[in-house]
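In what follows, a single structure is set out as structure tokens and then discussed.
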Amino acid sequence: KAGVTQTPRYLIKTRGQQVTLSCSPISGHRSVSWYQQTPGQGLQFLFEYFSETQRNKGNFPGRFSGRQFSNSRSEMNVSTLELGDSALYLCASSLHGNTEAFFGQGTRLTVV
Amino acid sequence: QQQVKQSPQSLIVQKGGIPIINCAYENTAFDYFPWYQQFPGKGPALLIAIRPDVSEKKEGRFTISFNKSAKQFSLHIMDSQPGDSATYFCAASIGTSNTGKLIFGQGTTLQVKP
């Protein structure tokens with residue numbers, strides 16, 4: 001059974017640009033959550049999608065957005081990148097959201 | 001109210017020792033408490049999880065102890081090995097709700113010396 005796949009693994013962007021990250025959940029899982037991981041703030045919840053609808057949102061600015069497709073794959077977008085957006089972005093999939101969550105390897109975003 | 005406080009920040013034990021990592025929470029609505037293990041360059045991997053209706057759960061060398069009245073839970077790693085050297089995160093969520101939002105502790109970096 002394939003795990004959670006995130007692409008790309010590494011990304012370098014310039015301040016002011018925008019970026020799109022992709023997450024393919026475990027087959028059959030309908031919930032995808034996104035997290036930002038930094039040394040200073042740890043793991044912070046960005047948002048969760050379930051059946052193509054955003055079900056919960058963390059405390060991040062509107063520059064961070066996401067969507068989910070009918071096959072449960074999800075993308076997150078960060079517009080007008082800032083240096084402080086440099087982080088490891090992780091997605092987690094679960095069957096319904098309130099069950100075991102499995103993480104992908106993450107996308108390491110560096111903003112220069 | 002939404003925080004999970006984890007301690008210690010780092011821990012060094014000898015092979016065969018029993019490292020213990022502690023977490024505390026305030027929100028009594030939390031009812032699902034997983035632990036994750038993360039190696040450098042990898043995503044967190046689910047180790048073991050507990051719900052408040054039990055006080056202890058074991059899976060292999062990993063044990064969670066849960067104290068509902070104190071709002072605390074801890075991870076014990078029996079017979080620790082150098083391969084257990086990693087960062088460990090506790091987390092909490094309202095498992096009965098329709099949300100996958102996990103609130104994480106700050107993490108504990110464990111080093112197991114040979």
Out of (1) closer than 27 Å to A:Leu88 by Cα; (2) in contact with a His (Cβ under 9 Å, 6 or more places away or on another chain); (3) assigned to a loop (DSSP other than H, G, I, E, B), what's the single condition that is false for B:Ile18?
(1)
Considering only segment A:60-77, how many residues are touching a residue at least 12 places away in the same chain (Cβ under 8 Å) and either outside any strand (DSSP E or B) or touching a helix residue (DSSP H, G or I) at 6+ places or on another chain (Cβ under 6 Å) (or both)?
6
With the checklist (1) out of contact with any Lys or Arg (no Cβ under 8 Å at 6 or more places or on another chain); (2) under 30 Å from A:Gln6 (Cβ atoms) in hand, flag the one item B:Gln81 doesn't pass.
(1)
Exactly one condition in (1) in a loop (DSSP other than H, G, I, E, B); (2) surrounded by fewer than 21 Cβ atoms within 10 Å (Cβ to Cβ); (3) not aromatic (Phe, Trp, Tyr) is false for B:Gly43; which is it?
(2)
Per the filter on segment A:24-42, residues under 22 Å from B:Phe89 (Cα atoms), touching a residue at least 24 places away in the same chain (Cβ under 8 Å) and in a strand (DSSP E or B) are A:Ser31, A:Val32, A:Ser33, A:Trp34, A:Tyr35, A:Gln36, A:Gln37, A:Thr38
For residues that are more than 11 Å from chain A (Cβ to nearest Cβ) and in a loop (DSSP other than H, G, I, E, B), scanning just segment B:21-39, find the one that is surrounded by the most Cβ atoms within 10 Å (Cβ to Cβ).
B:Phe30
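Which residues, taken from segment B:1-16, are closer than 25 Å to B:Val54 by Cα and either surrounded by 20 or more Cβ atoms within 10 Å (Cβ to Cβ) or over 16 Å from the mean Cα position of the chain (by Cα) (or both)? Let's see the steps before the verdict.
First, pick out the residues of segment B:1-16 that are closer than 25 Å to B:Val54 by Cα: B:1-8.
Hits for segment B:1-16 are B:Gln1, B:Gln2, B:Val4, B:Gln6.
We did not get these values from a lab; they are worked out from the coordinates using the rules stated. Note that the coordinates shown come from a computational prediction; the quantities given were computed from them, not determined experimentally. Neighbour counts run over all protein chains shown; Cβ positions are idealised from the backbone, glycine included.
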